[in-house]
Each structure stands twice: as structure tokens, then as C-alpha cells.
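These notes are about the structure you will find just below.
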Amino acid sequence: MARSLTIFRGLLMVITVVALAAGCGVKAPPVPSSQLAPPGVSNLRAVPQTDGMLVSFDVPSAPTPSRAVDEIYLFYGYLPLTGDPACPPCPPKLKKYHKFDMVKKGEKEADKMKGGRFQYLDKNAPPNKEAVYQVMLVDASGRKGPRSSFLRMPRLMGAAAPQGLKAKAGDSVVSLVWEEVTTLTNGQKATDISGYIVFRKGPDGEKQLNARPLTKPRFVDRTVANGKTYTYRVHAARKFRERNLGGEGSAYISAKPTDMKAPAAPMNLAGASLKDGIVLRFTPSPDADVAGYNIFRKTKGGKWQKVNTAVVIENTFIDKGVKNEVQYYYKVQALDAAGNASGFSEVMDIVHLP
């Protein structure tokens, strides 16, 4: 009887396991639609332009076609620089919007996407007004993401472009000077120029060199490398609500810093007469950027003349243009990669007696 009961319990457990396995069609609770909807845009940016306001933000990539962004809603509004007259501290209520259909991928929409970042020039943004924007994304399944945070950016008349930008390259340094800016792009006098912003293009890409506007029309760039070309541009900035808004940029100017430090002179020049001529040997210059050496020779009462036709790479040299029983004087000079010449080594004299 006990054995039969044990067998029955075993069969019951097997049946239960099979039943659970057959009924396990749903392995997890369904994912809420809010988690599948496009995320909110967090890097919305607006930059004032001479012909409008350039609005940009990143469009997130989608793991599946059904979650790809199909529509973009750009909500907008324009307020006086003092805020909403009815309620200056209140957040604006944006009801108007531009809708962009990313499925049709028309020429206009295609031109707005660059490397996953959407750009739109809002030419309706009036000057001397504060433009306010929000963005909402809609995916291929019609799910709407949340609206982004408000972005507020005044479109002030920009400062005029700085004139007379000049660059002077030195050894690991570039010095810039330009004329002061006192007017706006429309020629009106500017009373709120906060300073100047310097941009540089170089081997490491384009970057802004100063975090705060410069109060004087000059800048010294000590973050350059010799032998490389750098291009500079300067913008004057106007200050509004603790923001420094750059105006039109100056003309570009390029500079190439150059090594101007001469290497140390070679030392311990010595010579010996051989059948082929006079062989010279010296201790090389210790500088790492030495490109080679020049050998100079003269006879007693004569003038110094360079013996080598090409730069000597090694620290030895055979002068074959000598005559027997003539006394010669020699000295050596080092050259670096930038063409800087060192001082001369000590003078050595020798009579050619092979």
C-alpha cells in the first residue's frame, strides 16, 4: 500500500510539472507602453544666427523599426525679453509647433539630420525676442514621448565681427591681437559687449579656447605644438541674463609656431690623416631634434668654407679635398629639424700627412 501511494505521488508531481510547462505562455508581465515610447530629448540647444535661431538636438537610435522616431514636434513661442507680460515668472504655454515627418524623408528633413543630430533654422524667430522651445518625439507605433524641458534663448542682435585680426607665431606660442568691437551687426552702437571668445581649428579639431570672455582684444595661445598649422577666429559677445551670446565671427587667420631654440654645439672634435683624406670625429649635440651637422674648413690665413654638400648625419666625416703637407683648421656646427644652427665646436687643426 505504501509503495502504491509513493508511485501515485510521483505521477502527480510529473503531471503538475507538465501542466505548468504547458501553461507558461506568458514569461513576464507586459512592458508598459511608457517604457517603449521615445525618451525625452535632454540636449536641446538653440544658437542665435543672423537669419534666425538654429535649433538642434540628438535623435535617439531605435532597437527595432517599430520604435524608430517617425515624427518630431518642435513647439515654439516668442516672448519679450522681459518675459510674459501677464506673468513673467510663469513657464510659457507652447501651443504652436512645427511637425517634421521623418518617414517620408523628404529633401528638407534629410538635410536636417547630420550624424544623428537634428538641426532646424527657425527663420521666424524675431530679433530682440526670447525664443522658447520644447521637443516631443513620436515613434512608428504612434507612441508619444514626453516633452523636453523648456529651452529659452534670446535672439539679440549680435555684435559686429572683430576686425584686424593678426597672428604672430613664435616658439610653441601664437599671439593674437584685433580691434575692439563697439557696434552691432546693424551698425548700432553696442553698450553691452562683455568680451571676446576665441576659437581655434587645428590637428585636434575645433575648440573654444577661453571659458570666459576676454576683456582685452588680445590672446596668447600656449597650447600649440611647433610645426603644426592652427587657424583662429574671434567673436565679440553680448551679455544677457548671465549668458554671453557670441556675435559674428572675424575672418579666419592661420599661424604655424616654429622651434626657434638652437641646439647645443657638438664637442671634442678630433681628426686623423688617412690615405683617402682627413677623417673627423666629434661628440654629437645632446639635443633630440638635431637633424645633422655642417663641417667647416680653412687654411692658415684663409676664409672658412663649408665642406659638406649635404647635411652630415653621423658624427664622423672624411674630407677628401685636402692636399699633402698642408695645415687645415676645422669646426663643426649642429642643425635642428627647424633649421636652427648651433654655435661652433672648438677649432681643431691638423697637417695632412697620410
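The values are calculated or read from the model by the stated rules, or taken from the named source; none is laboratory data. Worth saying up front: this structure is predicted, and the values here are computed from it rather than measured. Every residue, glycine as well, gets a Cβ built from its backbone with ideal geometry; the counts of neighbours run over all protein chains shown.
Name the pairs: first residue in the stretch 338-354 and part of a loop (DSSP other than H, G, I, E, B) and at pLDDT 95 or above, second residue surrounded by 12 or more Cβ atoms within 10 Å (Cβ to Cβ) and of a type in the set (V, I, T), Cβ to Cβ under 8 Å, at least 6 apart or on different chains?
Every condition considered, the pairs that remain are S345/V332; H352/I278; H352/V322; H352/V326.
Among the residues that make up the stretch 261-281, is at least one of them closer than 30 Å to F344 by Cβ, charged (D, E, K, R) and outside the structural domain of D336 (by TED's automatic domain parsing)?
Scanning the stretch 261-281 turns up at least one residue that is closer than 30 Å to F344 by Cβ, charged (D, E, K, R) and outside the structural domain of D336 (by TED's automatic domain parsing).
Considering each of V234, V198, V135 in turn, give the residue that is assigned by TED's automatic domain parsing to the domain that holds H98, surrounded by 13 or more Cβ atoms within 10 Å (Cβ to Cβ) and among the β-branched types (V, I, T).
That would be V135, the only listed residue that is assigned by TED's automatic domain parsing to the domain that holds H98, surrounded by 13 or more Cβ atoms within 10 Å (Cβ to Cβ) and among the β-branched types (V, I, T).
Any residue in the stretch 112-135 that is on the phi > 0 side of the Ramachandran plot sitting within a Cβ distance under 7 Å of a residue that is in a strand (DSSP E or B) and of a type in the set (D, E)? List the pairs, counting only those 6 or more apart or interchain.
As it stands, the answer is G116/D58, since those pairs meet every condition given.
Among the residues in the stretch 327-334, are any outside the structural domain of A237 (by TED's automatic domain parsing), among the basic types (K, R) and modelled with pLDDT of 95 or more?
Within the stretch 327-334, one or more residues are outside the structural domain of A237 (by TED's automatic domain parsing), among the basic types (K, R) and modelled with pLDDT of 95 or more.
Return the total of residues in the stretch 322-350 being surrounded by fewer than 12 Cβ atoms within 10 Å (Cβ to Cβ) and either β-branched (V, I, T) or under 21 Å from G292 (Cα atoms) (or both).
Number of matching residues: 1.
Condition (residue is touching a Pro at 6+ places or on another chain (Cβ under 6 Å), under 16 Å from L156 (Cα atoms), in contact (Cβ under 8 Å) with a residue 40 or more places away in the chain and not in a loop (DSSP other than H, G, I, E, B)) applied to the stretch 272-283: is it met by at least one residue?
The answer is no; no qualifying residue exists.
Show me the strands (runs of 3 or more DSSP E) found entirely inside the stretch 65-123 where at least 1 residues are in contact with a Ser or Thr (Cβ under 7 Å, 6 or more places away or on another chain) and modelled with pLDDT of 90 or more.
117-122
Take Y76 and tell me if it is surrounded by 14 or more Cβ atoms within 10 Å (Cβ to Cβ), closer than 24 Å to D139 by Cα and more than 33 Å from the chain's Cα centre (by Cα).
no
Which count do you get for residues in the stretch 284-301 that are surrounded by fewer than 11 Cβ atoms within 10 Å (Cβ to Cβ) and either in a strand (DSSP E or B) or modelled with pLDDT of 95 or more (or both)?
Within the stretch 284-301, residues that are surrounded by fewer than 11 Cβ atoms within 10 Å (Cβ to Cβ) and either in a strand (DSSP E or B) or modelled with pLDDT of 95 or more (or both) number 0.
Since N186 meets every condition but one in (1) over 30 Å from N226 (Cα atoms); (2) within 24 Å of the chain's Cα centre (by Cα); (3) of a type in the set (S, T, N, Q), which condition does it not meet?
Answer for N186: the failing condition is (2).
Between residues in the stretch 284-307 that are over 10 Å from V332 (Cβ atoms) and in contact (Cβ under 8 Å) with a residue 12 or more places away in the chain and residues that are aliphatic (A, V, I, L, M) and surrounded by fewer than 16 Cβ atoms within 10 Å (Cβ to Cβ), which pairs lie under 7 Å by C-beta distance while being six or more apart or on different chains?
P286/A264; D287/A264; D289/A337; A291/V311; A291/A337; G292/V311; G292/I313; T299/V326
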